[in-house]
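Everything below concerns the one structure shown next.
The values are calculated or read from the model by the stated rules, or taken from the named source; none is laboratory data. Here the structure is a predicted model, which means the values were calculated and not measured. No Cβ is skipped: glycine too gets one built from the backbone with ideal geometry, and neighbour counts run over all protein chains shown. Note: accessible area is taken over every heavy atom of the protein model, side chains too, but ligands, DNA and RNA are not part of it. Shrake-Rupley method; radii C 1.70, N 1.55, O 1.52, S 1.80 Å.
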Amino acid sequence: MSEPIEPASAAEAARELARVLLEQADALDLHDLRATGAIENVRVQARALADAVHERGWGDIFLGIDSYDPDELDDLPLGPDDFDDPADYREIVEGDNPDDLDELEESLLPTDGVRVSYQARYDYVVTDPDAFVEYVRSRAHEAQNDEVIDDIEDAQSAFELLCYLDGLGSKDYDNTGLIPAGGEESHKIVEFSLWDLDPTRRDDTYPY
């Protein structure tokens, strides 16, 4: 029986990133190619850390970085970071200031109710890319968007659409007493699946 595959150490990757940041700190203030080189060195090590963290089942460690196209930022709903005083945002969310309701694009959440959250990781292996892509394409109409089928170019993009079609985020539970309160998803080609890892290491992949 083969030896279990150990994921990369996130701790070592974090220490190496700290070393690179200290080493490149002065160059980041320059206005020549030395700054470009420093930025690239930081990015490479930051990606190594992000990959190591992801291998353990967590989401993106650098949440928000490169998440949005700058041209689309004006279309995003307001959030806590858009207010100088967090109390102003809380006042709007709690519905205490009706005059500000038009500033939010999403429906307000109720102040009461049990906040529940679901996090999980499921790994798969694509053994027949052509058959898998064909299957997802046959279900693309379920997304009720004629353009999504054009986005299915390979197994990875097919998997992303399948996760949407069969995931909780695509379901409507409003009439059952359960309303959505936000969601994030992560799809990625990984070096090691859960069953590649030693059973004692799999516990590290669960956020809770």
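For region 13-57, a simple Cβ point-charge model (Lys and Arg +1, Asp and Glu -1, everything else neutral) yields a dipole of about 180 debye relative to the Cα centre. A full extension of the chain between Leu30 and Asp151 corresponds to an added length of 39.5 nm, given 0.36 nm per residue minus the alpha carbon distance. For Tyr173, Tyr164, Tyr118, the ranking by accessible surface with the largest value first comes to Tyr118, Tyr164, Tyr173, using a 1.4 Å probe.
Less than 5 angstrom separates the built amide H of Asp123 from those of Leu194, all sequence-distant by 5 or more or on a different chain. Note on Gln144 and Lys188: their simple-model spin labels are 3.2 nm apart, each label 7 Å out from Cα toward Cβ. To the nearest 10, the accessible area of Thr111 is 100 Å² with a 1.4 Å probe.
The heavy atoms of Arg47 offer some 130 square angstrom of accessible surface to a 1.4 angstrom probe. Multiplying the residue separation of Glu134 and Ile39 by 0.36 nm and removing their Cα-Cα distance gives an extension gain of 30.1 nm. A simple spin-label model places the labels of Val114 and Thr176 1.4 nm from each other, with each point 7 Å out along Cα-to-Cβ.
For the pair Tyr122 and Leu165 in one chain, pulling the backbone fully straight at 0.36 nm per residue adds 14.0 nm over the alpha carbon distance. When the residues Trp58, Trp195 are ordered by accessible surface, computed with a 1.4 Å probe over the protein chains alone, the sequence from largest down reads Trp195, Trp58.
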